[in-house]
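Undergrad: Below are the structure tokens for one structure; questions will follow.
The values are calculated or read from the model by the stated rules, or taken from the named source; none is laboratory data. Not measured: the values here are computed from a predicted model. Neighbour counts are summed over all protein chains in view; Cβ atoms, including those assigned to glycine, are modelled from backbone coordinates with ideal geometry. All accessible areas refer to the heavy atoms of the entire protein, side chains included, with ligands and DNA or RNA removed. Shrake-Rupley method; radii C 1.70, N 1.55, O 1.52, S 1.80 Å.
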Amino acid sequence: MRVKAQFLLSTFSAAQFPAPSVPEIAFLGRSNVGKSSLLNALVGSAAAKVSSTPGRTRAINFFLVSGERAATRMIFADLPGYGYAKVSKSVAATWPGFIEPYLADRSTLRHCVCLIDASVPAQESDRRLLDSLQSIGREFLVVATKTDRLSGNERTRNLGALKKALEVEEILAVSAKTGSGIKELWARLEDVCSTKTES
Ligand code: GDP
């Protein structure tokens, strides 16, 4: 797959988001879910360099990405990981304040990729994130990471339990380590970015 990615900017402020242009995909998940590894598997070293830069894990990092189909250009928005605060009652409580407005207001945001760890039971913070995306009318895809850690049977069982607990019909299974599911994820992202959702 020929993918080009260019780091655009890293910011804490809505005033500095890139000017709305091409369709945008947001990547969300609890800290340590494997988001940097997945972004690295999707777009290569541009993402890895950025995520290892101190301070940037609490910001939104934007990348301009060209997919396999020549006409598909999109922006990936790498959002800070959530879920550290143990007593938090809402996703928002563990997030910097600019995340919710980003999700609610970003005009070019086309789809959210919500990452969960395939080996970890559904977490309240993940439920709350999906609820809040649903309540603001954002489309999302749940992606289970690190599936190479599970046998075929375990994977089927865990994904079934996660679907039930998160009340979603589909979970796409990926592994940044083996590359399994990465092609399917790309195809989905290119589909959502090339489909016009509004008139
Ligand atoms: P982030 O905090 O969400 O950006 O997570 P990282 O990408 O830094 O990954 C957290 C940990 O999970 C690291 O130790 C990774 O090596 C590990 N990890 C990430 N993706 C995979 C995967 O696909 N398979 C396996 N086995 N480990 C993974």
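Undergrad: Considering (1) outside any helix (DSSP H, G or I); (2) at pLDDT 70 or above, say which one Lys89 fails and leave the rest.
TA: In the conditions (1) outside any helix (DSSP H, G or I); (2) at pLDDT 70 or above, Lys89 misses (2) alone.
Undergrad: Among Leu133, Leu150, which is the only one that is without any contact (Cβ under 8 Å) to a residue 40 or more places away in the chain, closer than 19 Å to Gly34 by Cβ and of a type outside the set (Val, Ile, Thr)? So that I can check it myself, show each step before the final result.
TA: Values: Leu133 fails: closer than 19 Å to Gly34 by Cβ.
On inspection, the qualifying residue turns out to be Leu150.
Undergrad: Counting only residues that are farther than 30 Å from Ser194 by Cα and either open to solvent by 50 Å² or more (accessible area, probe 1.4 Å) or within 13 Å of the ligand (Cβ to nearest atom) (or both), how many does the stretch 111-124 have?
TA: Total meeting the criteria: 5.
Undergrad: When you go through (1) more than 16 Å from the ligand (Cβ to nearest atom); (2) at pLDDT 95 or above one by one for Ile182, which number turns out not to apply?
TA: Evaluating Ile182 over (1) more than 16 Å from the ligand (Cβ to nearest atom); (2) at pLDDT 95 or above leaves (1) as the failure.
Undergrad: Considering only the stretch 5-25, how many residues are exposed (fewer than 13 other Cβ atoms within 10 Å of the Cβ), touching a residue at least 60 places away in the same chain (Cβ under 8 Å) and assigned to a strand (DSSP E or B)?
TA: Residues meeting the conditions: 0.
Undergrad: Out of (1) more than 22 Å from Ala14 (Cα to Cα); (2) part of a helix (DSSP H, G or I), the odd one out for Val120 is which?
TA: Val120 satisfies all of (1) more than 22 Å from Ala14 (Cα to Cα); (2) part of a helix (DSSP H, G or I) except (2).
Undergrad: What is the residue count in the stretch 125-165 for residues that are outside any helix (DSSP H, G or I), within 16 Å of the ligand (Cβ to nearest atom) and at negative phi?
TA: 6
Undergrad: Picking from Gly152, Gly181, Gly137, Gly160, which residue would you name as being under 30 Å from Ser66 (Cα atoms) and open to solvent by 20 Å² or more (accessible area, probe 1.4 Å)?
TA: Working: Gly152 fails: under 30 Å from Ser66 (Cα atoms); Gly181 fails: open to solvent by 20 Å² or more (accessible area, probe 1.4 Å); Gly160 fails: under 30 Å from Ser66 (Cα atoms).
On inspection, the qualifying residue turns out to be Gly137.
Undergrad: Further question on the same structure: Looking for whichever is within 22 Å of Ala77 (Cα to Cα) and of a type outside the set (A, V, I, L, M, F, W, C) here; the options are Lys164, Lys177. Which one fits?
TA: Within the list Lys164, Lys177, the selection yields Lys177.
Undergrad: Give the residues of the stretch 36-57 that are open to solvent by 30 Å² or more (accessible area, probe 1.4 Å) and at pLDDT 75 or above, sorted by residue number.
TA: Hits for the stretch 36-57 are Ser36, Ser37, Asn40, Ala41.
Undergrad: Mind checking which pairs have a first residue in the stretch 26-42 that is within 6 Å of the ligand (Cβ to nearest atom) and in a helix (DSSP H, G or I) and a second that is open to solvent by 10 Å² or more (accessible area, probe 1.4 Å) and among the polar types (S, T, N, Q), Cβ under 7 Å, 6 or more apart or different chains?
TA: Going by the 7 Å Cβ cut-off, the qualifying pairs are Ser36/Ser51.
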